[in-house]
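Working notes for the structure below.
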Amino acid sequence: MKNALFAVASIAILYIVGGGIALAQIDSIEVSPAKPRVIDAITLTASGEWPTSYSDVNTIASVSNFTISLDVTITTPQVSLQIISPWSATASIGTLPRGTYTVNVRLFNMFNGSLSQMGQKSSTFEIGNGKPKR
């Protein structure tokens, strides 16, 4: 019996150490339209994977100079399934002046009243003038 328990415990440790536990991640940051101009309303979408089931996704976006911050909070219930779940969060930014912008996405977990940062990712995009291309 001791040998069987030791074998199960060893496999569990190897599984954890070997990266068998999935982590929250931000896979992509998309800008729409893909090549925005000053006359276009900008929408940002961040997406990725979450290591458990979740109950809610909230997004707060802010713009300061040429930096856009997108804070995504995923609420994990006290009882959740240990499955990899896709998530996405969209924010309407509106029109912006011409220039190069940095998007900073921060991913948070709200669990049992406690907020923890789980990841972050940055991307850049450029806004061109509003003249039609010939």
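I'm checking my understanding of the structure. Among residues of the range 108-134 that are among the small types (Gly, Ala, Ser) and part of a loop (DSSP other than H, G, I, E, B), which one is farthest from ARG37 (Cα to Cα)?
GLY113
Taking the listed residues ILE84, ILE127, the one that is in contact with an Asp or Glu (Cβ under 6 Å, 6 or more places away or on another chain) and among the aliphatic types (A, V, I, L, M) is ILE84, with no other qualifying. Checking each residue in the range 91-132 for being surrounded by fewer than 16 Cβ atoms within 10 Å (Cβ to Cβ) and within 12 Å of the chain's Cα centre (by Cα) picks out ASN104, GLN117, GLY119, GLN120, SER122.
For (1) touching a Pro at 6+ places or on another chain (Cβ under 6 Å); (2) modelled with pLDDT under 85; (3) assigned to a loop (DSSP other than H, G, I, E, B); (4) among the aliphatic types (A, V, I, L, M), each residue gets a yes or a no:
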{"site": "ASP27", "(1), (2), (3), (4)": "no, no, no, no"}
{"site": "GLU30", "(1), (2), (3), (4)": "no, no, no, no"}
{"site": "ILE39", "(1), (2), (3), (4)": "no, no, yes, yes"}
{"site": "LEU44", "(1), (2), (3), (4)": "no, no, no, yes"}
{"site": "ALA61", "(1), (2), (3), (4)": "no, no, no, yes"}
{"site": "ILE74", "(1), (2), (3), (4)": "no, no, no, yes"}
{"site": "LEU81", "(1), (2), (3), (4)": "no, yes, yes, yes"}
{"site": "ARG106", "(1), (2), (3), (4)": "no, no, no, no"}
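Here ASN65 passes the criteria (1) free of Cβ contacts under 8 Å to residues at least 12 places away in the same chain; (2) within 12 Å of the chain's Cα centre (by Cα) except the one numbered (2). Could you grab me the full set of residues in the range 20-54 that are of a type in the set (S, T, N, Q) and touching a residue at least 24 places away in the same chain (Cβ under 8 Å)? Matches in the range 20-54: GLN25, THR43, THR45, SER47, THR52, SER53.
None of ILE84, ILE74 is over 26 Å from ARG37 (Cβ atoms), out of contact with any Ser or Thr (no Cβ under 8 Å at 6 or more places or on another chain) and open to solvent by less than 40 Å² (accessible area, probe 1.4 Å) except ILE74.
The values are calculated or read from the model by the stated rules, or taken from the named source; none is laboratory data. In this text, all values refer to a predicted model and were calculated from it rather than measured experimentally. So basically every Cβ, Gly included, is an ideal-geometry build from the backbone, and we count neighbours across all protein chains shown. All accessible areas refer to the heavy atoms of the entire protein, side chains included, with ligands and DNA or RNA removed. Shrake-Rupley method; radii C 1.70, N 1.55, O 1.52, S 1.80 Å.
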